[in-house]
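The values are calculated or read from the model by the stated rules, or taken from the named source; none is laboratory data. On a predicted model such as this, the values are computed, not experimentally measured, just so you know. Methodologically, a virtual Cβ is constructed for each residue, glycine included, from the backbone with ideal geometry; neighbour enumeration extends over all protein chains shown.
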Amino acid sequence: MTRLKPIESIFIAGLAFAFLALCGLIGYAIIVVANEPVEELRTPQPDSPLPASPTAATLILPTDSAAPLPSLEPTLQPEQIPTPIPSFNDSPPPIGKIVFACYIQQIDQICLLNADGSGRTQLTSLKATAFYPSISPDGNTIYFSSRDTGNFEIYSIGVDGNNLQKLTNGIGSLYAPELSPTGEWVIFTNNGNGLWLMKPDGSNPHPLTNKDDIDPSWSPDGSMISFASSRSGARQLFVMNADGSDIRQVTNLNNMGGRNTWSPDGNRLAFYRGPQGDRNIYIINVDGTGLVKLTDGGDNLAPSWSPDGNWLAFTSFRDGNNELYIIHPDGTGLTRLTNSPISDWQPRWGK
């Protein structure tokens, strides 16, 4: 038998020791990893998930006093953290005109004022409710809803208060008309029968959708329409192409209102939500990201973006009476426009 030399014996023993040490380290690592707590990634879910499709149609009258809805929490993802909005400290004073509903002698009428709060004018003196006004893109014509003849119909009137015209007749209870940026179509709510289109003279009225859809608004280029709907359960904000295709849900929030508005660049929507008595104005990207709360308290409703993008007009009860206010999209510059004992509400900004 060949005997190992001392140095060879030492070398082999060292290798054996190193091998045993390595095995020990590997075994220890396996035990540590196996017992290490693993963080479970959870996607926030609503408290009361929306059903895939409603089992029964629940009609909600178009109103700026939205009824409380099932509790839902926003499902914003981490990448949807709101991006900073440029400062508006050096923006010019508000320009253009704001049309709104004004409660006069127990009847809502249509009023108009300059965006700086001056030049208040009452345009209608109808014998029954007139509300949901909007201004045409050229700033010359106002469209609104009234039940002056017993049923809610769509009317138009010049910004000078002349040329009052009744445009519809007996096709349903009609609300929230708005002329497209191209001037080709007026979209409006036909309560319980979806959103409808007609020509500006009232001809060719026809449905665009057939769900419980309300409060439509055209995108600045006329290619898309935003609206509120309970088609997925609780009322939420949606957008679609102007031909009614590619309907997409934007929000997943509780206590959603109806009236909404596009930013002039077409990238964001402003809307209101919250329980009655504590509703606030919010801004969100059209793709559903970047949710920003703009107001905090005061019961605020029905935002409308200014044509230059520097302001939003809205209704607030913060001083004990419905009045019109404006605010920058970054939450600064809050200014009260109206100060009257009557209720001023549903503002819509125009040129």
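Structure above, values below:
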quantity	calculated
Residue check for D221: at pLDDT 95 or above, within 21 Å of I326 (Cα to Cα), acidic (D, E) and surrounded by fewer than 21 Cβ atoms within 10 Å (Cβ to Cβ)	no
Criterion violated by T251 - all others in (1) crowded, with 21+ Cβ neighbours inside 10 Å; (2) assigned to a strand (DSSP E or B) satisfied	(2)
When residues of segment 147-159 are limited to those that are in contact (Cβ under 8 Å) with a residue 24 or more places away in the chain and in a loop (DSSP other than H, G, I, E, B), the one nearest to Y132 (Cα to Cα)	F152
Selected residue (only one of R273, R268 is in contact with a Leu (Cβ under 7 Å, 6 or more places away or on another chain) and among the charged types (D, E, K, R))	R273
Strands (runs of 3 or more DSSP E) enclosed by segment 168-247 - at least 1 residues per element that are on the phi > 0 side of the Ramachandran plot and acidic (D, E)	213-218
Restricting segment 153-165 to residues that are in contact with a Phe, Trp or Tyr (Cβ under 9 Å, 6 or more places away or on another chain) and within 12 Å of L126 (Cβ to Cβ), the residue that is surrounded by the most Cβ atoms within 10 Å (Cβ to Cβ)	Y155
Tally, over segment 311-329, of residues that are closer than 22 Å to N267 by Cα and in contact with a Pro (Cβ under 7 Å, 6 or more places away or on another chain)	5
Identity of the residue in segment 274-322, small (G, A, S) and not in a loop (DSSP other than H, G, I, E, B), that ends up farthest from T332 (Cα to Cα)	A302
Odd one out for S65 among (1) modelled with pLDDT under 95; (2) touching a Ser or Thr at 6+ places or on another chain (Cβ under 9 Å); (3) among the polar types (S, T, N, Q)	(2)
Matching entry among L126, L112 (being in a loop (DSSP other than H, G, I, E, B) and in contact (Cβ under 8 Å) with a residue 12 or more places away in the chain)	L126
Boolean, P329 is over 17 Å from D116 (Cβ atoms), in a loop (DSSP other than H, G, I, E, B) and of a type outside the set (V, I, T)	yes
Every residue from segment 332-351 that is in a loop (DSSP other than H, G, I, E, B), among the hydrophobic types (A, V, I, L, M, F, W, C) and buried (at least 16 other Cβ atoms within 10 Å of the Cβ)	L337, I342
